[in-house]
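Taking it in order: structure first as C-alpha cells, then the write-up.
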Amino acid sequence: MLFIIPSPIGNLKDITLRAIDLLKSADLILCEDTRVSSKLLQHYQVDKPLLPFHQHNEHKSLTGIINQLSAGKNIALLSDAGTPGISDPAFLLVRACIEHNIRVETLPGATAFVPALVNSGLPIHRFVFEGFLPVKKGRQTLLKELAVEKRTMVFYESPLRLLKTLKDFEMYFGANRSCSISRELSKFFEENKQGTLQEVQEYFKEKKIKGEIVIVVAGSEYG
C-alpha cells in the first residue's frame with residue numbers, strides 16, 4: 001500500500017510516532033528531494049531506499065511505482081515539508097493507486113496553512129486554499145475572481161515574490177483589506193504579522209525576507 005506521510009515544516013519534532021514507525025517499516029520512500037528528506041530520516045535513524053519523486057519526474061515515474069505497489073511493496077511518500085499533495089506532488093500517484101485498487105493511507109500531520117490560518121485572527125469557519133498563484137498566465141484573471149471571494153483566502157508564496165504579490169493584492173482587493181503574513185512557521189524565528197495589505201507591505205519593505213511564506217487575506221465580506 002501507499003502511505004502519505006506529512007513531514008515537519010521546520011521543527012524536526014513535529015512528526016508523529018506513527019509516521020516514524022511507518023517510515024522504518026516501508027520498503028521504499030519517495031522523496032521530493034532526497035537531500036532534504038535525508039536530514040529528517042537520519043535524525044530518526046531511518047535507513048531505507050530513497051527514490052526522487054517530484055513535479056519534474058512524477059509522470060514518468062508513475063508506472064514503475066504502481067508496479068512495485070502491485071507487487072506487494074509498502075511505499076511511503078514524503079514531501080520536503082508538510083503534507084504531500086498540498087502544493088506538492090501526490091495527486092497523480094494517489095489517483096493511479098485508486099485506479100489500480102491499491103490502498104492509500106494518508107496520515108494526519110504538519111501542513112503550513114493550518115497554523116497560519118489560526119494565527120491570522122481572521123474568520124476560519126469558511127476559507128479557500130489557493131496555494132501558489134500563477135506567476136504569469138492566468139494571474140490577473142484569478143485575482144479578479146478572488147476580489148469578490150467572501151471566504152478567507154490562503155496563499156503560499158516565496159520570499160522573493162512576497163512584495164509583488166502583496167502589491168497585486170492591494171490593486172485587486174484594496175489597500176485596507178485585512179491580512180496576515182506567516183513565515184518560518186515552527187522555527188526559531190517564526191513571525192506572524194497582521195494588518196492591512198498596505199501596512200504589511202510597508203513592514204516587509206524594511207526587512208530581509210526569508211523563509212516560506214503563508215499569506216492569509218480576509219474575504220470581501222469581512223474587509
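The values are calculated or read from the model by the stated rules, or taken from the named source; none is laboratory data. Computed from a predicted structure; not experimentally measured. Note that each Cβ is placed from the backbone with ideal geometry, even for glycine, and that neighbours are counted across all protein chains shown.
The set of residues from the range 192-217 being in a loop (DSSP other than H, G, I, E, B) and either closer than 12 Å to Lys167 by Cβ or of a type in the set (A, V, I, L, M) (or both) comprises just one member, Ile209. Residues that are surrounded by 15 or more Cβ atoms within 10 Å (Cβ to Cβ) and of a type in the set (Asp, Glu) within the range 200-223 comprise just one, Glu212. Number of residues in the range 166-189 that are hydrophobic (A, V, I, L, M, F, W, C) and crowded, with 17+ Cβ neighbours inside 10 Å: the value is 6. When Ser182, Ser220 are checked against the criterion of being in contact (Cβ under 8 Å) with a residue 60 or more places away in the chain and closer than 18 Å to Pro115 by Cβ, Ser182 stands alone in meeting it. Cβ-Cβ distances below 6 Å connect the following pairs, each with a first residue in the range 149-178 that is in a helix (DSSP H, G or I), a second residue that is among the polar types (S, T, N, Q), and a separation of six or more residues or different chains: Leu166/Gln201.
If you go through the range 134-148 and keep only what is assigned to a loop (DSSP other than H, G, I, E, B) and either outside the structural domain of Phe169 (by TED's automatic domain parsing) or in contact with a helix residue (DSSP H, G or I) (Cβ under 6 Å, 6 or more places away or on another chain) (or both), you end up with just Ala147.
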